[in-house]
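Visitor: Dropping a structure here in structure tokens format, bear with me for questions.
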Amino acid sequence: MWAGLLWGGVTALAFVAVPLLFARLGSPAVAGPVAASLFEVVGLFSVVSAQAGVLYFLFFCHFTLAAYRKTALILCAVAGVSALCQLGWVGPQIVGARAIGGNLALWHGLGSVLVLLQWCAAVAVAWLLARQPTASGSQHVLR
């Protein structure tokens, strides 16, 4: 569920909402702060849900993690760390670069890479967990 919600949130924000903001509001000075606040909300959701995913794999899987669960655990951590970097490092750099004339393209590019990393991690976790074996050893219907 985490992976699906995160993937959907990042997809809706990065590929639909933010491009529409810049297209409809006309001015980057108006659309930028709105987009930043939306990215902050999705970033916070990513951090919280990645922590929940890590805790789930560590405490509810009885420390006998199959390879796919170990991979999903690592991907949850990657999504959380990239969201923390986006929120605590890149976001403020973008605001600062816009205010004092820094390298805005560099920070936007790095922010885009971090958002793409969260998106890819969420897709991979959803795919891994959807293909996990059932208790009887057979695969789910998703083939």
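Visitor: From the list Ala83, Ala66, Ala35, Ala79, exactly one residue is of a type outside the set (Val, Ile, Thr), surrounded by fewer than 17 Cβ atoms within 10 Å (Cβ to Cβ) and either in contact with a helix residue (DSSP H, G or I) (Cβ under 9 Å, 6 or more places away or on another chain) or touching a residue at least 60 places away in the same chain (Cβ under 8 Å) (or both). Which is it?
Guide: That would be Ala66, the only listed residue that is of a type outside the set (Val, Ile, Thr), surrounded by fewer than 17 Cβ atoms within 10 Å (Cβ to Cβ) and either in contact with a helix residue (DSSP H, G or I) (Cβ under 9 Å, 6 or more places away or on another chain) or touching a residue at least 60 places away in the same chain (Cβ under 8 Å) (or both).
Visitor: From Leu13, Leu73, Leu21, Leu65, grab the single residue that is of a type outside the set (Asp, Glu), at pLDDT below 90 and part of a helix (DSSP H, G or I).
Guide: So the residue among Leu13, Leu73, Leu21, Leu65 that is of a type outside the set (Asp, Glu), at pLDDT below 90 and part of a helix (DSSP H, G or I) is Leu73.
Rundown of residues vs (1) modelled with pLDDT of 90 or more; (2) more than 18 Å from Gly4 (Cα to Cα); (3) in contact with a strand residue (DSSP E or B) (Cβ under 6 Å, 6 or more places away or on another chain), yes/no style:
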residue	(1), (2), (3)
Val95	no, yes, no
Asn103	yes, yes, no
Gly109	yes, yes, no
Ala124	yes, no, no
Gln132	no, no, no
Ala135	no, yes, no
His140	no, no, no
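Visitor: Anything in segment 92-133 that is small (Gly, Ala, Ser) and under 27 Å from Ala66 (Cβ atoms)? List them, or say none.
Guide: Ala121, Ala122, Ala124, Ala126, Ala130
The values are calculated or read from the model by the stated rules, or taken from the named source; none is laboratory data. It should be emphasised that the depicted structure is a prediction, and the values quoted were computed from it without experimental measurement. FYI the Cβ positions are ideal-geometry reconstructions off the backbone, even for glycines, and counts take in every protein chain you see.
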